[in-house]
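**Student:** Take a look at the following structure, please.
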Amino acid sequence: MFNLRISPLINRCIQGVYPPGSVFKLVVALAGLAEKKISITSTFLCTGKLQVGKRIFKCWSFHGKQNIISAIQNSCNIFFYHTGLLVGANKISEYAKKLGLGKSTSILPYDKKGFIPTPEWKRKKYKVKWTNGDTCNLSIGQGYILTTPLQIYRMLTFFAEGKIYEPFITKKIGT
């Protein structure tokens, strides 16, 4: 018998930790723009795949020439692989943490922190070097990264409102 470690008593919003996936591309876009590694007019050609070292990283489709707007609209992995490699894993991790990822929301006592990996962490934990492949995985919200759904919500408030709102619990709605 195997243990799936699934419990109906877990509040998945604050205790479930998952790779964020494509929503994390917004963090990479912000880091790329803020660090001046890309501009609003920067483009990369999506042919559906990108070779990094000996590994082929794929996109879910062939998108052709992509700028940041079309790359977000199309969720183009190739654009974000390129951007992530230009920005670097340390800066991506830094921006993720600034946006509240990998940090407890402190809304309830059992809130999970999630995890934002860095090259230093991998070197210490596994005694191996961070690779460009790790950066590509991180750039599309995959690999070692883990977040809670509430952390993602908190991060998205920055993109929607221009500031991060801390979640809270209210006793009553209305007057």
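The values are calculated or read from the model by the stated rules, or taken from the named source; none is laboratory data. Note that the coordinates shown come from a computational prediction; the quantities given were computed from them, not determined experimentally. FYI the Cβ positions are ideal-geometry reconstructions off the backbone, even for glycines, and counts take in every protein chain you see. Only protein heavy atoms, including side chains, enter the accessible area calculation; ligands, DNA and RNA are left aside. Shrake-Rupley method; radii C 1.70, N 1.55, O 1.52, S 1.80 Å.
**Student:** Against the definition (surrounded by fewer than 15 Cβ atoms within 10 Å (Cβ to Cβ), in contact (Cβ under 8 Å) with a residue 24 or more places away in the chain and farther than 30 Å from Thr170 by Cα), how does Ala29 come out, yes or no? Break it down stepwise before answering.
**Tutor:** Details: surrounded by fewer than 15 Cβ atoms within 10 Å (Cβ to Cβ): no; in contact (Cβ under 8 Å) with a residue 24 or more places away in the chain: yes; farther than 30 Å from Thr170 by Cα: yes.
Answer is no for this residue.
**Student:** Now, a different point. If I ask for residues that are free of Cβ contacts under 8 Å to residues at least 60 places away in the same chain, over 18 Å from Ser104 (Cβ atoms) and open to solvent by 80 Å² or more (accessible area, probe 1.4 Å), which ones from segment 117-159 would you list?
**Tutor:** Glu120, Arg123, Lys124, Lys125, Tyr126, Lys127, Lys129
**Student:** Looking at (1) in a loop (DSSP other than H, G, I, E, B); (2) under 14 Å from the mean Cα position of the chain (by Cα); (3) among the acidic types (Asp, Glu), which one does Asp134 not meet, given that it meets all the others?
**Tutor:** With respect to (1) in a loop (DSSP other than H, G, I, E, B); (2) under 14 Å from the mean Cα position of the chain (by Cα); (3) among the acidic types (Asp, Glu), Asp134 is out only on (1).
**Student:** Could you tell me which of the residues Gln142, Gln151 is among the polar types (S, T, N, Q), modelled with pLDDT of 95 or more, over 20 Å from Ser42 (Cβ atoms) and assigned to a loop (DSSP other than H, G, I, E, B)?
**Tutor:** The match here is Gln142.
**Student:** Go through segment 40-54 and report how many residues are more than 18 Å from Gly141 (Cα to Cα) and outside any loop (DSSP other than H, G, I, E, B).
**Tutor:** 4
**Student:** If you don't mind, another one. Look through Gly48, Gly100, Gly88, Gly64 and report the one residue that is in contact (Cβ under 8 Å) with a residue 60 or more places away in the chain and either surrounded by 13 or more Cβ atoms within 10 Å (Cβ to Cβ) or out of contact with any Phe, Trp or Tyr (no Cβ under 8 Å at 6 or more places or on another chain) (or both).
**Tutor:** Numbers: Gly48 fails: in contact (Cβ under 8 Å) with a residue 60 or more places away in the chain; Gly88 fails: in contact (Cβ under 8 Å) with a residue 60 or more places away in the chain; Gly64 fails: in contact (Cβ under 8 Å) with a residue 60 or more places away in the chain.
Of the residues listed, the single one that is in contact (Cβ under 8 Å) with a residue 60 or more places away in the chain and either surrounded by 13 or more Cβ atoms within 10 Å (Cβ to Cβ) or out of contact with any Phe, Trp or Tyr (no Cβ under 8 Å at 6 or more places or on another chain) (or both) is Gly100.
**Student:** Same structure again: Scan segment 12-21 residue by residue and report those that are under 22 Å from Ser93 (Cβ atoms), open to solvent by 60 Å² or more (accessible area, probe 1.4 Å) and not aromatic (Phe, Trp, Tyr).
**Tutor:** Once the filter is applied, which keeps residues that are under 22 Å from Ser93 (Cβ atoms), open to solvent by 60 Å² or more (accessible area, probe 1.4 Å) and not aromatic (Phe, Trp, Tyr), segment 12-21 yields only Pro19.
**Student:** Tally time: how many residues in segment 55-74 are assigned to a loop (DSSP other than H, G, I, E, B) and within 25 Å of Ile164 (Cα to Cα)?
**Tutor:** Filtering segment 55-74 for residues assigned to a loop (DSSP other than H, G, I, E, B) gives 59-63, 67.
Right, trim to within 25 Å of Ile164 (Cα to Cα) and you get none.
Of the residues in segment 55-74, 0 are assigned to a loop (DSSP other than H, G, I, E, B) and within 25 Å of Ile164 (Cα to Cα).
**Student:** Now for a separate question. When only residues in segment 36-45 that are open to solvent by less than 60 Å² (accessible area, probe 1.4 Å) and not polar (S, T, N, Q) count, which is nearest to Lys98 (Cα to Cα)?
**Tutor:** Ranking the qualifying residues of segment 36-45, first place goes to Ile38.
**Student:** Can you name every residue in segment 51-61 that is open to solvent by 50 Å² or more (accessible area, probe 1.4 Å) and at negative phi? I'd like the intermediate steps shown before the answer.
**Tutor:** First pass over segment 51-61, keeping only residues open to solvent by 50 Å² or more (accessible area, probe 1.4 Å): 51, 53-56, 58, 60.
Matches in segment 51-61: Gln51, Lys54, Arg55, Ile56, Lys58, Trp60.
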